[in-house]
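Novice: Okay, here's the structure, questions in a sec.
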Amino acid sequence: MDSNLFPEGHERCSLGRFLAWIVFLGLFLGFGGYAAFVILSQGLVVTGLDNYFGFGLWITFDLAVIALGAGAFFSGFLKYILKIDQLKHIINLAVIVGFICYSGAMLVLTLDIGQPIRAWFGYWHPNVHSMLTEVIFCITLYCLVLVIEFVPIILEQKQLNKIPFIHHLAHNLHVNMALFAGIGAFLSTFHQGSLGGMYGVLFGRPYAFREGFFIWPWTFFLFVLSAVGSGPAFTMLVATFMEVLTGKKLVEYKVKTLMAKIAGSMLCLYMFFKIIDTWYWATSYLPSVGLTFDQMFYQTIYGKWLMWSELGLCGVLPAIMMITPAIRNRPALLYTAAILDCIGITINRYVFTVQTIAFPALPFDKWVTYTPNWAEWAPAGLIVAYGFVVLSLSYRYLPVFPQEKALNAK
Amino acid sequence: MGLDRRAFVQLAVGGVVGTLFTPIPWKLADDAAIWSQNWPWIAKVTKGEIAFKNAISKFCPSGCAVSVRTVEGAPTLVQGSKDNPLSQGGVCPACAAGAQLLYSPARVKGPMKKTQAGFEPITWDEALTTLSAKLSAVKGKDGKVAMVSGDQTGTTSEVFSAFVAALGSQDFYLMPSEGQVAGKAWSIMGGTGKVGFDLKNADFVLLVGADAFESWGPMVRNKKTFGSKRPVGQPNQATYVYAGPVRNRTAAVCDQYVPVPADSLTAFALGLAAQLVQAGKSIDTADFADFKAMLGNFSADKVEKLSGVKAAVLADLAKKLASAKAPLVIAGSPFGQGEGAATFIAGAAVNLLLGQVNKPGGMKVFADFAPVVKGAATAKKLTEASFADYLSKVEKGKASPEVLLVYEANPAYGLPQAEAMSKVMEKIPFVVSFSTFLDETAQKAQLILPNPHPLERLDDLATPYGYSRAAYLVSLPVIKPVADAKPTPDLILGLAAKLGLDLGFSTYQDVLKAKTEAVGASWGDVSKGKLFASDVTKDVSGLNLATAVLAKAAIPNRDPAYPLALAPLAQLNVGTSALATAPQALVTIRDTELLGNDMFVQVCAETAKANGLSQGAKVKLTSSQGECVARVNVSETVMPGTVAAPLGFGRTAWDKFTRGKGDNLSKVLALSPEPGTNVSVWSDTRVKIAKI
Amino acid sequence: MEKQEFKIKWGMVIDLDKCTGCGACMVSCQVENNIAPQQDASNKLRTLTWMNVFEMNNGQAFPDHEIAYLPRPCMQCGSPACVPVCPVVATDKNEEGGIVSQIYPRCIGCRYCMGACPYHARYFNWDDPVFPAGMEKTLSPNTSARPRGVVEKCSFCHTRWGRAKERARKEGVDTMDMPQEWYQTACTTACPGGVIQFGDVNNPKHSVYELVRSKYAFRLLERLGLDPQVWYVSKREWVRMLGDNYLESEKAKKHA
């Protein structure tokens, strides 16, 4: 029925099936929307957050999706600035995934702050010393950049593109894309770094505090590296997941291995510095404030297994797997490595957000644990569902994958 | 239509800039933010003239001399009165929340009578007519009207006791208190007047049971004194030792803590006396020889067997007491009530042995103020009348009052064996509560005639127990009653006139003016918050040491069916029997004391292990008289073999801030007659603990 | 951040050897700062206690188990961890006096400052303040009631400082050199034990001037470098040792 709207020469499932899928996603959207309404009308008292855990699931979620969304800026940077042409086959997807991650994160942030009506104070009364100010500026601006990058993909929709004005507009945007990619790379590098800096500057929180270079704590650089070390892998995984869902080949395997190679290389670099950083923190910084490495961990919930998983199983291991051609050329191993990589970065964002504030700095204070409740999970679910909706619509109606036609030619 | 690159850039930039110059989004954002800063449902603060007024706040048993900050006449903060020696600017945690209690949801808004459907508001006319009809029916009949008051320090007791007496009854009682037992004990020793303790000039203070910084005596003054004797960063000017079953709040700051079971406090004090006598100390009383002989049963070794206090520790303490310049022993209850007379007597004996009576830093004896209301009970009589004993008589049918009047007291909740006591009260056909708040007793009453909140009424305070001098203070109302309440003493005086009884006064103000004059103070001074205090002491010759009482009462009696000693904790932030936790004080209760609706009892790891208990376990405490439920908190502050438990929880009336939280420990407290004196004692209650 | 010294530095000295944990300071703080009572105040992760009394112990079993109570207001740090992180300048370190103030109408409620503070001195207003009917008439004139969604904290009752300065101007007294008792926090005056002393630690006429220099004085988590303006005093070594984190080797050295 809506086949006129499909990208040129592509086949899509029936409208009924598509609508059923959207309705299914709508359940999550509805539940998340209900939670958002409850939160906005009654306040954060309905969440599982508390005096000890001002940050929780949402901030972890935001940081994780922003890191995983880094495929957009980094692929853009590589394609448009460093001119790695092969990436054109996946750059559209990278942009869409980036857009979903950033816009989703911003939505959650709106819920997360106690006075959403004053959210704009971040621009009007900025504190230039705060890493969070940098984050607010860079994230919102970069989100705008992603919108600008997303718009031409939308404008290339078959029917829209028939309108000469839109056709020209899309063309002009394309011509200027290198400029936006450049701005995006700059903004994104900074806010990925600032997100890390947010924790590194907390000199009252020994779990997170790091020294650094000039005004930037080491976590600033580590967060940038970890984002580019996982973002491309995530984009690649999304492409693969869409292939599973649609039953079609969307991206050449060669492109995927290229993404993995990029992620793997960056992850190697990241792990190298991360291990040095951790070592220095554990053996030099912590003793200097009278603390030991062991004291940083508590039971299972904040146990050492998190750190070993992050650094070993989900850090060094996938890094090696992705830079080793023999391994990354085998799909099952490639995807495994990419998944581990994404998990590792998520653990990193989690421990920096939650374990940092769980550790009782006062010797007479005690560890307190945190469990998010439904009011926090539901909006997170909403964002995931929203991501699926955007991806589904994009895939159905927009020319996202340039190689799809060729790869699926019968 | 062609769109070249320049046109595109122009369009984009123009569009963005154009939007920015539209005032609408900016105005909206700004208005919304301003609205968020002035939400109409957020309470607004009153601004206006600020003033400070002195007053008396009687939410704690001793009463706090306070300075109330008012804004446009409305009390907003209760602080200690700076120039008053009783408070020196400090305030107890119960009185600190006093201004806000004016609007406690538990306040009785006006007179009410009980109907089948519950309480029903009535007019003061109807209330007074009903009451005076009831009273005139029993007027002149012996024992048909009784009254109990929780006001330990006020002249209200004179008005009430005289009124009850004029009605033909002798049944006026004060709620049990530390001062009451001390007074009784002092009488047994043949003493007259009132006893106080000169903490200020003492350089070595031994607290035997007495929880001086929480529930014993004028807590604020005690703490201020302690503080002043221990200047920051400099050598201490006084040493403090606490002996008792729990390293409680008082013990936490003392230099030494000596674990002594609650039932062995007397033996412990006698052990000290024995050491001192051995060292050659003596007392000039006729029965000293008997006393000395009796102390043979309290040698260090024997005391160790009775109380577990190491002989060396006892000897060392005795030595320290003997060598101090101004030693002072204060013996009392670890929770402000329920101790027998013997403990006080043993403590007084040690002070006598140390020569520390009417000396700086010692035990002080001074004359009580004479009553001014015709027919009022003497202070001595008030110490001898026990309301718990009276209710036992009612239970047994030996007394059958028709009317019970209850003032500032909550016997249905706060007496030992609370559940049984509360049932006995149901036997009394007509109970009238004058409570400011809807407490458990008011809820049982047939008639509630609310008394004004302490800041709304004329009140006075005469020598709180423990203070070293005879002292007097008057308090004028800070604010008009914010509820439809009438001052009870005035009401009673009015009723007396109506019933044709002559008490000699028609208003309470006249009573207090007469009292002020009798005390020798100036109305102008005491009513402005200036404490009148007299240093005149009273001769103490002709005392006896009540040897026979001590010999019997000092030996603990431990029923093996109840293997654990109970150590109640009276903490003012939790409240008192007459005051459920103030809303603003709720945050001060730890989550190891109350979590959700569960209160905690405290046992040390050894006791927990011996009884198979673990942290958080739900348990039932059972004594011979009652039971209560709680959770276990393992705390090394409690002696092995003892379970510490908080008083003040388990409210069934009051408001949402307190109702249903925890259980009422008073139900578990078991009365027993003290051998030798027959004083009802419940500080030695024993319990068993079982997981549920 | 660079540190600059100003003439007045408000400081608090709390004598832990006197505190019995009675809670009068907390109650007065609740009252003076218009903190609405909560029906369930036992969930300490949701209560608002600008002044909070911690209980600490020496870790021994009965009868050697000693306890101490530690009242914890905001430390008003010389190098606050919370101030530089605020994205909207809703909190700042006042120049004169050094009080770390919180501007409630500016705060967006991001809670980054709470995460930054190792003392847990900052609280988030989880719910709108609701006072029992009529109780709003007893609100203190010194603090506004905060709406939900903002972070709040102890301010050393700084409005009282403003009132003291007003008085000084009226009486012709130097506002930079006022008698100590003219400006006292609610917790300080309430304390029945005289545990808390408050004044200008730079003013030799104020009692705190000497006290902060006592060999028994220490501050919480000094090693983290927040430079608190609240000092604690204790003659008990185990109490002082609990004021900061020490390695076993350092503890051994201190004991030796």
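Novice: For A:Ile113, which of the numbered conditions (1) of a type in the set (A, V, I, L, M); (2) in contact with a Cys (Cβ under 6 Å, 6 or more places away or on another chain); (3) at pLDDT below 90 fails to hold?
Specialist: (3)
Novice: Got a number for residues in the stretch C:182-238 being within 14 Å of chain B (Cβ to nearest Cβ), assigned to a loop (DSSP other than H, G, I, E, B) and touching a residue at least 24 places away in the same chain (Cβ under 8 Å)?
Specialist: Total meeting the criteria: 14.
Novice: Which of the residues belonging to the stretch B:217-243 are assigned to a helix (DSSP H, G or I) and touching an Asp or Glu at 6+ places or on another chain (Cβ under 8 Å)?
Specialist: B:Gly227
Novice: Just give me the residues in the stretch C:179-222 being more than 16 Å from the chain's Cα centre (by Cα) and of a type in the set (S, T, N, Q), in sequence order.
Specialist: Result: C:Gln180, C:Asn202, C:Asn203, C:Ser207, C:Ser214.
Novice: Do any helices (runs of 4 or more DSSP H) entirely within the stretch B:252-317 hold 1 or more residues that are over 25 Å from the mean Cα position of the chain (by Cα) and of a type in the set (Ser, Thr, Tyr), and if so, which?
Specialist: B:300-307
Novice: Go through (1) outside any loop (DSSP other than H, G, I, E, B); (2) surrounded by fewer than 17 Cβ atoms within 10 Å (Cβ to Cβ); (3) not aromatic (Phe, Trp, Tyr) one by one and return the number of the condition C:Thr175 breaks.
Specialist: (1)
Novice: Quick one: in the stretch B:592-608, of everything that is more than 23 Å from the chain's Cα centre (by Cα) and under 17 Å from C:Ile67 (Cβ atoms), which residue is nearest to the other protein chains (Cβ to nearest Cβ)?
Specialist: B:Cys604
Novice: Now, a different point. When C:Asp128 is evaluated against the numbered criteria (1) surrounded by fewer than 23 Cβ atoms within 10 Å (Cβ to Cβ); (2) of a type outside the set (Lys, Arg); (3) within 20 Å of C:Cys86 (Cβ to Cβ), which criterion, by number, is the only one it fails?
Specialist: The failed condition is (3).
Novice: Quick one: which helices (runs of 4 or more DSSP H) sit completely within the stretch A:71-132 and have at least 1 residues that are out of contact with any Lys or Arg (no Cβ under 7 Å at 6 or more places or on another chain), within 14 Å of chain C (Cβ to nearest Cβ) and buried (at least 21 other Cβ atoms within 10 Å of the Cβ)?
Specialist: A:88-112, A:121-124
Novice: Working carefully through the options B:Ala567, B:Ala548, B:Ala521, find the one that is more than 11 Å from chain C (Cβ to nearest Cβ), part of a strand (DSSP E or B) and not aromatic (Phe, Trp, Tyr).
Specialist: Being more than 11 Å from chain C (Cβ to nearest Cβ), part of a strand (DSSP E or B) and not aromatic (Phe, Trp, Tyr) holds for just one of B:Ala567, B:Ala548, B:Ala521, which is B:Ala567.
Novice: From the residues in the stretch C:81-104 that are more than 9 Å from every other protein chain (Cβ to nearest Cβ) and assigned to a loop (DSSP other than H, G, I, E, B), which one is surrounded by the most Cβ atoms within 10 Å (Cβ to Cβ)?
Specialist: Looking at residues that are more than 9 Å from every other protein chain (Cβ to nearest Cβ) and assigned to a loop (DSSP other than H, G, I, E, B), I get C:Gly98.
Novice: Oh, and also: Return a yes/no flag: does the stretch C:136-147 have any residue that is within 11 Å of chain A (Cβ to nearest Cβ) and buried (at least 21 other Cβ atoms within 10 Å of the Cβ).
Specialist: Among the residues of the stretch C:136-147, at least one is within 11 Å of chain A (Cβ to nearest Cβ) and buried (at least 21 other Cβ atoms within 10 Å of the Cβ), which makes the answer yes.
Novice: Yes or no: B:Ser392 of a type in the set (Gly, Ala, Ser), modelled with pLDDT under 95, within 22 Å of the chain's Cα centre (by Cα) and surrounded by fewer than 24 Cβ atoms within 10 Å (Cβ to Cβ)?
Specialist: Taking the combined requirement at face value, the residue does not satisfy it.
Novice: Related question: Against the definition (free of Cβ contacts under 8 Å to residues at least 60 places away in the same chain, assigned to a loop (DSSP other than H, G, I, E, B), under 22 Å from C:Val83 (Cβ atoms) and touching a Phe, Trp or Tyr at 6+ places or on another chain (Cβ under 8 Å)), how does C:Arg148 come out, yes or no?
Specialist: no
Novice: Oh, and also: Let me confirm something: among B:Ser672, B:Ser623, B:Ser666, which residue is more than 10 Å from chain C (Cβ to nearest Cβ), surrounded by fewer than 22 Cβ atoms within 10 Å (Cβ to Cβ) and hydroxyl-bearing (Ser, Thr, Tyr)?
Specialist: Going through B:Ser672, B:Ser623, B:Ser666 in turn, just one is more than 10 Å from chain C (Cβ to nearest Cβ), surrounded by fewer than 22 Cβ atoms within 10 Å (Cβ to Cβ) and hydroxyl-bearing (Ser, Thr, Tyr): B:Ser672.
Novice: If you don't mind, there's one more thing I want to ask. Name the residues in the stretch C:120-130 that are more than 7 Å from chain A (Cβ to nearest Cβ), within 17 Å of the chain's Cα centre (by Cα) and either under 18 Å from A:Pro116 (Cβ atoms) or not hydrophobic (A, V, I, L, M, F, W, C) (or both), would you?
Specialist: Passing the criteria: only C:Arg122.
Novice: Condition (residue is over 23 Å from B:Gly355 (Cβ atoms), part of a helix (DSSP H, G or I) and at the interface with chain C (Cβ under 10 Å from one of its Cβ atoms)) applied to the stretch B:200-216: is it met by at least one residue?
Specialist: Taking every residue of the stretch B:200-216 in turn, none turns out to be over 23 Å from B:Gly355 (Cβ atoms), part of a helix (DSSP H, G or I) and at the interface with chain C (Cβ under 10 Å from one of its Cβ atoms).
Novice: Go through the stretch B:447-485 and give me each residue that's more than 21 Å from the chain's Cα centre (by Cα), assigned to a loop (DSSP other than H, G, I, E, B) and among the aliphatic types (A, V, I, L, M).
Specialist: If the condition is that a residue be more than 21 Å from the chain's Cα centre (by Cα), assigned to a loop (DSSP other than H, G, I, E, B) and among the aliphatic types (A, V, I, L, M), then B:Leu449, B:Leu476, B:Val478, B:Ile479, B:Val482, B:Ala483, B:Ala485 are the ones that fit.
Novice: Mind listing just one residue for me: the one in the stretch C:53-80 that is at the interface with chain B (Cβ under 8 Å from one of its Cβ atoms) and outside any loop (DSSP other than H, G, I, E, B) and, of those, surrounded by the fewest Cβ atoms within 10 Å (Cβ to Cβ)?
Specialist: C:Glu55
Novice: Still on this structure, please answer the following. Look through B:Gly233, B:Gly227 and report the one residue that is modelled with pLDDT under 95 and touching a Lys or Arg at 6+ places or on another chain (Cβ under 9 Å).
Specialist: Going through B:Gly233, B:Gly227 in turn, just one is modelled with pLDDT under 95 and touching a Lys or Arg at 6+ places or on another chain (Cβ under 9 Å): B:Gly233.
Novice: So C:Gly115 fits all but one of (1) in a helix (DSSP H, G or I); (2) surrounded by fewer than 22 Cβ atoms within 10 Å (Cβ to Cβ); (3) within 10 Å of chain A (Cβ to nearest Cβ); what number is the exception?
Specialist: Every condition holds for C:Gly115 apart from (2).
Novice: While we're on this one: If we scan the stretch B:178-190, do we find a residue that is over 21 Å from B:Ala578 (Cβ atoms), touching a residue at least 40 places away in the same chain (Cβ under 8 Å) and assigned to a loop (DSSP other than H, G, I, E, B)?
Specialist: The answer is yes; a qualifying residue exists.
Matching residues to (1) under 28 Å from B:Lys656 (Cα atoms); (2) free of Cβ contacts under 8 Å to residues at least 24 places away in the same chain; (3) among the charged types (D, E, K, R):
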| residue | (1), (2), (3) |
| --- | --- |
| C:Ala68 | no, no, no |
| C:Ser79 | no, no, no |
| C:Cys82 | no, no, no |
| C:Cys86 | no, no, no |
| C:Pro105 | no, yes, no |
| C:Pro118 | no, no, no |
| C:Val130 | yes, no, no |
| C:Leu139 | yes, no, no |
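Novice: Go over the candidates A:Phe186, A:Phe190, A:Phe165 one by one and state the one that is part of a helix (DSSP H, G or I), without any contact (Cβ under 8 Å) to a residue 12 or more places away in the chain and away from every other protein chain (no Cβ under 12 Å).
Specialist: Answer to the selection: A:Phe186.
Novice: Need pairs with beta-carbon distance below 7 Å; first residue under 18 Å from C:Cys154 (Cα atoms) and at pLDDT below 85 and within the stretch C:1-13, second in a strand (DSSP E or B) and among the polar types (S, T, N, Q); sequence gap 6+ or separate chains.
Specialist: Matching pairs, first to second residue: none at all.
Novice: Follow-up question, since we're still on this one. Quick one: which strands (runs of 3 or more DSSP E) sit completely within the stretch B:44-146 and have at least 2 residues that are surrounded by fewer than 24 Cβ atoms within 10 Å (Cβ to Cβ) and within 14 Å of another protein chain (Cβ to nearest Cβ)?
Specialist: Those strands (runs of 3 or more DSSP E) span B:50-57, B:64-71, B:74-80.
The values are calculated or read from the model by the stated rules, or taken from the named source; none is laboratory data. In this text the structure is predicted, and so the values were computed from the model without any measurement. Every residue, glycine among them, receives a Cβ derived from its backbone with ideal geometry; neighbour counts consider all protein chains shown.
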